[in-house]
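The values are calculated or read from the model by the stated rules, or taken from the named source; none is laboratory data. Computed from a prediction, not measured in an experiment: that's the story for all the values here. FYI the Cβ positions are ideal-geometry reconstructions off the backbone, even for glycines, and counts take in every protein chain you see. Side chains are part of the model used for accessible areas, which takes the heavy atoms of the whole protein and leaves out ligands, DNA and RNA. Shrake-Rupley method; radii C 1.70, N 1.55, O 1.52, S 1.80 Å.
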Amino acid sequence: MAQSTSLSAHLSSLISGHPNRTALAQDVIPSLLKTLPSIAQALRTTSVSQAGSANTFGDDQLNVDVLAESLIRSAIASVPSITTASSEEDPVEKAAYQGTSSSEQREKYTIAFDPLDGSSIIGPNWTVGTIIGIWDGETALSDTRTPRERQVVSILGVLGPRTSAVVAVRLPGTEGSVFEVSLTDDGAVEVLRLSVRLNDSPKTRYFAPANLRCAAENERYAALVNHYIQQKYTLRYSGGLVPDVYHALVKGHGIYTSPVTEKSPAKLRRLYELTPIALLIECAGGVALDSVDGTHVLDRPVKDTDERGGLVCGNKEDVEFVRGQLLA
Ligand SMILES: *[C@@H]1O[C@H](CO)[C@@H](O)[C@H](O)[C@H]1NC(C)=O
């Protein structure tokens, strides 16, 4: 049997040659991963109800959104190198670490997270997720610097029958890579796969047509979906962004399309959804475009926490095809 690699051994290998990343590997990433089983447990043991409030974006909040938010906030409160955090539930960047800062603290990171993505499918107990982006420095926002330069890690936590996660790490000057872990309720982390890759020549081709209603008024989207049917692609779509993107990564192929039209405006948050997903997709060898204008998600600075966009992502060849059919 192959020797299994521990999380800490794998993270050390990823930061080797990067002397100022010890806290990232030893504290930031492991602490955030450990929040996932606690959110999963909270989901299993809490009956879902409206929290009676709305977040700043005006979305109704569920009690489980609030729970997931507070589990992550309390975890990062004890991580000295996480200086700043904001989330979809509380989209204002503020101090995260609640202890006494020491002047020896050289690494500084900002966390931008969506504690529970998939509110519309929580009721029927479908798989939902947690999305976390880790950015260099004391803010994720910039007028000039792109997410490609500043977001170094992203985590998609998948909360279903099992709790698992895919993690992208791309330190400046490296190509980046994605690994997959599974997590048990007691917080143990097992590395399932050291390298998750998307490829252009799979046995089975998958498509996930989000915002399908827009095909009724957009002929090009209707034609694209029809192309997948004619080409015998397999439909894999749950309506949860996290499980749908995770499906493509796990299977090694998939095209996710969420077009934006006049009647269906951009709704995915760039900071809390699009940029972390784009980092994962790129580190797995794929492409992630904003369907608003066909540009790479990671090439445009995030200036404000409320910026939104659309998404076309997946393996390279299929994304290029969509670019020609839908975004040109
Ligand atoms: C939801 O599904 C999980 C397994 O994925 C199960 O443990 C739990 O009991 C389910 N919750 C409800 C309310 O049915």
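Tabulated values for the structure
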| read-out | value |
| --- | --- |
| Scope the stretch 285-297; condition hydrophobic (A, V, I, L, M, F, W, C), surrounded by fewer than 24 Cβ atoms within 10 Å (Cβ to Cβ) and either under 13 Å from the mean Cα position of the chain (by Cα) or assigned to a strand (DSSP E or B) (or both); matching residues | VAL287, ALA288 |
| So VAL158, is it at pLDDT 95 or above, over 21 Å from ASP185 (Cβ atoms) and crowded, with 21+ Cβ neighbours inside 10 Å | no |
| Positions within the stretch 139-164 being more than 16 Å from the ligand (Cβ to nearest atom) and either more than 23 Å from ASN55 (Cβ to Cβ) or among the β-branched types (Val, Ile, Thr) (or both), in sequence order | THR139, SER142, ASP143, THR144, ARG145, THR146, ARG148, GLU149, ARG150, VAL152, VAL153, ILE155 |
| ASP90 over 20 Å from VAL153 (Cα atoms), among the acidic types (Asp, Glu) and assigned by the TED database to the domain that holds LEU159 | yes |
| Neighbours by Cβ (under 9 Å, 6+ apart or cross-chain): first from the stretch 115-144, under 18 Å from ALA165 (Cα atoms); second among the polar types (S, T, N, Q) and within 13 Å of the ligand (Cβ to nearest atom) | GLY118/THR127 |
| Checklist (1) touching a residue at least 60 places away in the same chain (Cβ under 8 Å); (2) among the polar types (S, T, N, Q); (3) out of contact with any helix residue (DSSP H, G or I) (no Cβ under 9 Å at 6 or more places or on another chain) applied to THR295, failing item | (1) |
| Matching option when the condition is small (Gly, Ala, Ser), within 16 Å of the ligand (Cβ to nearest atom) and open to solvent by less than 50 Å² (accessible area, probe 1.4 Å), among ALA25, ALA51, ALA40 | ALA40 |
| Top-ranked residue of the stretch 165-185 - restricted to ones that are hydroxyl-bearing (Ser, Thr, Tyr) and either within 16 Å of the ligand (Cβ to nearest atom) or under 22 Å from ALA96 (Cα atoms) (or both), ranked as surrounded by the fewest Cβ atoms within 10 Å (Cβ to Cβ) | THR184 |
| Residue match in the stretch 186-195 (condition: within 17 Å of the chain's Cα centre (by Cα) and open to solvent by less than 40 Å² (accessible area, probe 1.4 Å)) | no |
| Close pairs (9 angstrom Cβ cut-off, 6 or more residues apart or separate chains): more than 15 Å from GLY324 (Cβ to Cβ) in the stretch 208-229, open to solvent by 40 Å² or more (accessible area, probe 1.4 Å) and among the polar types (S, T, N, Q) anywhere | ALA215/ASN226 |
| Checking TYR272 against (1) under 19 Å from LEU116 (Cα atoms); (2) open to solvent by 10 Å² or more (accessible area, probe 1.4 Å), the condition it does not meet | (2) |
| Residue among LYS34, LYS94 that is under 21 Å from ARG150 (Cβ atoms), in contact with a strand residue (DSSP E or B) (Cβ under 9 Å, 6 or more places away or on another chain), among the basic types (Lys, Arg) and open to solvent by 20 Å² or more (accessible area, probe 1.4 Å) | LYS94 |
| Residues satisfying the stated conditions in the stretch 259-276, i.e. in a loop (DSSP other than H, G, I, E, B) and over 13 Å from LEU289 (Cβ atoms) | THR261, GLU262, LYS263, SER264, PRO265, LYS267 |
| Matching residues, the stretch 108-129, being more than 13 Å from LEU62 (Cβ to Cβ), open to solvent by 20 Å² or more (accessible area, probe 1.4 Å) and either more than 16 Å from the ligand (Cβ to nearest atom) or outside any loop (DSSP other than H, G, I, E, B) (or both) | LYS108 |
